[in-house]
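So the structure is just underneath, and the comments pick up after that.
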């Protein structure tokens, strides 16, 4: 199997746009609509990169990142990129403290995402 990305966002449109962008980079994509579903997907699978929103129902992105870093052996060290409308220093700091590898502010830009993925994945 090649490279696999986990894309977590409550917006089907954003999930699909990120999926298409990642597929252009030859990633297989697993999608989840919130942090709870993402944790289930990550339970038995190590991902090459995880891209998550912050504001989602059931479990937000900050909590998801904390859980992946603290309790998920398969993805403890996976690069995690945040793709969010939130861009303030406070929330970015919380994301970094939780273990985020990078931050991209929406609106979604495929080129910026591809550059960030290439950087954190060493491509």
Next on the checklist: Restricting to segment 1-32, give me the number of residues that are over 18 Å from residue 45 (Cβ atoms) and surrounded by fewer than 16 Cβ atoms within 10 Å (Cβ to Cβ).
Outcome noted: 6
Next on the checklist: Can you find, within segment 68-83, the residue that is nearest to the chain's Cα centre (by Cα) among those that are more than 20 Å from residue 15 (Cβ to Cβ) and in a helix (DSSP H, G or I)?
Outcome noted: 69
Checklist entry - What residue, of 15, 69, is under 20 Å from residue 111 (Cα atoms) and in contact with a strand residue (DSSP E or B) (Cβ under 9 Å, 6 or more places away or on another chain)? => result 15
Checklist entry - Looking at segment 101-123, which of its residues are assigned to a loop (DSSP other than H, G, I, E, B) and touching a strand residue (DSSP E or B) at 6+ places or on another chain (Cβ under 8 Å)? => result 101, 106, 108
Checklist outcome for this item: Filtering segment 107-119 down to residues that are crowded, with 16+ Cβ neighbours inside 10 Å and within 15 Å of residue 15 (Cα to Cα) yields 108, 113
Next on the checklist: If I ask for residues that are modelled with pLDDT of 95 or more and not in a helix (DSSP H, G or I), which ones from segment 84-100 would you list?
Outcome noted: 99, 100
Item to check | Number of the exception - residue 51 against (1) crowded, with 18+ Cβ neighbours inside 10 Å; (2) within 18 Å of residue 10 (Cβ to Cβ); (3) out of contact with any strand residue (DSSP E or B) (no Cβ under 6 Å at 6 or more places or on another chain) | outcome: (3)
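The values are calculated or read from the model by the stated rules, or taken from the named source; none is laboratory data. Computed from a predicted model, the values in this text were never measured in an experiment. Counting neighbours? That spans all protein chains shown, and the Cβs are built from the backbone with ideal geometry, glycine included.
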